[in-house]
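Taking it in order: structure first as structure tokens, then the write-up.
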């Protein structure tokens, strides 16, 4: 993550969870701990390289933790940190906005693509 002070506080959020896959990863981890293969399965469009990179960046920024079990084959699990769980309300609001946006006649008339979240409800956090 950048260390300079942003002109807009939203820049910090975007620096941490911006991109195509990071919000989707956090969305799925809000449901609970997931193995790498589970994340790959629920995100069929992501490449191995990109998923690994995005997970490493989220771990570096303190959003999630990675636990490796000393087994053969190795088992790796990811879970949100307490800081990462605070992104839940933000992602729920983003999903609510996407539903409104998807229902906007201007968007439909312009032929804009539908959001990729597929209108799935956000998980609740404990």
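Every number here is computed from the coordinates shown, using simple stated rules; none is lab data. Because the structure is a prediction, the values reported are computed rather than measured. Backbone-built Cβ (ideal geometry, glycine too); neighbour counts: all protein chains shown.
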Segment 10-110: relative contact order as a whole-number percent, Cα under 8 Å and 6+ apart: 27 percent
Segment 10-110: Rg to Rh, with Rh as the Kirkwood radius over Cα pairs: 1.04
Cβ-Cβ FRET estimate between residue 5 and residue 61, R0 fixed at 22 Å, reported to 0.05: 0.85
Length-normalised contact order for segment 1-69 - Cα pairs under 8 Å, 6+ apart - percent: 30 percent
